[in-house]
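The values are calculated or read from the model by the stated rules, or taken from the named source; none is laboratory data. Everything numeric in this text was worked out from a predicted model, so none of it was measured. All Cβ positions, glycine included, derive from the backbone under ideal geometry; neighbour counts span all protein chains shown.
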Amino acid sequence: MTTSEPRLLADAASGTVYDPNVDEVVRAELAAEAVATAAREAEHREAARIAARADEPQALHETGTLEQTEHDRGACPHHLATRRRLRERSVSPGGHEPVGILRCARCRYTPQWSCLPGHRVRAWLYDVRMARPKRVPTLAQEWALDRAMAARQSCPRCWRRYVFCLPLRALGSCLECHDGTPADPATYTLPAGPARYLAA
């Protein structure tokens, strides 16, 4: 029995039954335990994801999809490119698997070791010859994307649309409506006024 239990029992009225579900201390401890459990589960999921990524190069190499496992920076063949380079050329991998790995700059000095998946600057290499042109979105897709971005960039109080996403979950509005911080007029557009029709 802890030191707080006798005090709680002493303060309780006679004939009452102690209910841990209404105890603030117990509820706080249960909430903290739930948060810790969620954090541990997230760490386990991240470790499993990293382990799965570590097995990908070996599996591709065994199936023959991976022509050469790793390439150093500056020594990569011209027909191989990362996703960023493909995006600059307005093409996509087209569903093809990566054919190599671009080693990070740190692993350049240790050629006898493999570049691990934990290295953040390691990248997949794709064959440019198998790339396909990127699909052009339709007008309906562009309109839906514009409406989705407008919901994140528009203030529900002043109805201004900013060029960046607003912290609507934290503040619920733009900074000027929240605490009076003036906004740069170049960063937002005013809402369109009501349509006016002239009589014939």
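Structural remarks
- Selection from the range 147-161 of residues that are over 17 Å from Thr187 (Cα atoms) and surrounded by 10 or more Cβ atoms within 10 Å (Cβ to Cβ): Ala148
- In the range 30-74, of all residues being modelled with pLDDT under 80 and acidic (Asp, Glu), the one that is farthest from Thr110 (Cα to Cα) corresponds to Glu46.
- Cβ pairs under 8 Å, 6+ apart, first in the range 159-170 and assigned to a loop (DSSP other than H, G, I, E, B), second of a type in the set (Phe, Trp, Tyr) and crowded, with 17+ Cβ neighbours inside 10 Å: Arg160/Tyr188; Val163/Tyr188
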